[in-house]
1. If residue 48 satisfies all but one of (1) at pLDDT 85 or above; (2) loosely packed, with under 11 Cβ neighbours inside 10 Å, what's the number of the condition it fails?
2. Tally up the residues in the range 148-161 that are surrounded by fewer than 20 Cβ atoms within 10 Å (Cβ to Cβ) and either more than 16 Å from residue 231 (Cα to Cα) or touching a helix residue (DSSP H, G or I) at 6+ places or on another chain (Cβ under 7 Å) (or both), please.
3. Tell me the residue from 134, 149 that is in contact (Cβ under 8 Å) with a residue 24 or more places away in the chain and part of a helix (DSSP H, G or I), please.
4. Please go through the range 181-192 and give me each residue that is modelled with pLDDT of 90 or more and surrounded by 11 or more Cβ atoms within 10 Å (Cβ to Cβ), ordered by number.
5. Can you give me the number of residues within the range 83-96 that are under 12 Å from residue 152 (Cα atoms) and surrounded by fewer than 20 Cβ atoms within 10 Å (Cβ to Cβ)?
6. So if I check each of 125, 99, 133, 145, which one is touching a strand residue (DSSP E or B) at 6+ places or on another chain (Cβ under 8 Å) and either surrounded by fewer than 24 Cβ atoms within 10 Å (Cβ to Cβ) or within 24 Å of residue 261 (Cβ to Cβ) (or both)?
7. Select from the range 59-73 the residues that are out of contact with any helix residue (DSSP H, G or I) (no Cβ under 6 Å at 6 or more places or on another chain) and either under 30 Å from residue 285 (Cβ atoms) or at pLDDT 95 or above (or both) and list them in ascending order.
8. Among 201, 245, which is the only one that is in contact with a helix residue (DSSP H, G or I) (Cβ under 6 Å, 6 or more places away or on another chain) and either without any contact (Cβ under 8 Å) to a residue 40 or more places away in the chain or surrounded by fewer than 13 Cβ atoms within 10 Å (Cβ to Cβ) (or both)?
């Protein structure tokens, strides 16, 4: 199914994974065992479904519970350094909060090595919304949930990781070059005007002193403390002092340190949930414009990128971006 609003052109596609898995199983059976075997299999499954319906009807007459299968919703988050995937994640979560029942489970297939503090802070806050709405949250990590990625993962009620997934890296890093000596050697003056003692500390072009560096380091430490406090809030059983060193661990060691709850791939976890639940995968995307459908937007963007790369003020833009703290 596709949903979109004229004011917010984001499409949401919903796939019933139980039905998709059933169809693949039947296709494989027909290819390997023939149509007669598939026909017999369908007849057997129909008989079982009829018996289950009959049993449910009997229980209803007796006043016994006839609860339907629980629902599980699967979302994907593939994080880049800016956590741009949060744009779609927030839409998917808002949809679930408005439609899912309390007690339903949301599974996030998460892959991220971290990035900008504010981006991943927002992404983690979106997952908190799910828990606040009374939904169970599971995060599955097949490859990596480090730094900002782990900030998101630690919110979950249940963190599942593959044996060699990279987990942890609870720390903060910021780095930048300084061109002051080069400018001085070429008789180029650099002037900066600020209002406020700490509006700017370290800089790419100016001369940095010890006071600048000390203040900048203080800001990094403050961010690290916030990161540690956040992790401790959602995983109080963790020895935060032991794991918040910026190190990362593979799945098996992460399990021993209580960074995760179990070792399993997302595929096996979701397949197991299909036994007793109706499982749906949600995928959203920006609705393409006519120009994008024709490939014109991509061509224009590529041309613009080449032009921007050659602009002489590229270093000035880098000055701003390089000073943004990065979870790592």
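The values are calculated or read from the model by the stated rules, or taken from the named source; none is laboratory data. On a predicted model such as this, the values are computed, not experimentally measured, just so you know. Note that each Cβ is placed from the backbone with ideal geometry, even for glycine, and that neighbours are counted across all protein chains shown.
1. (1)
2. Count: 0.
3. Numbers: 134 fails: part of a helix (DSSP H, G or I).
The match here is 149.
4. 182, 183, 184, 188
5. 0
6. 145
7. Hits for the range 59-73 are 69, 70, 71.
8. 201
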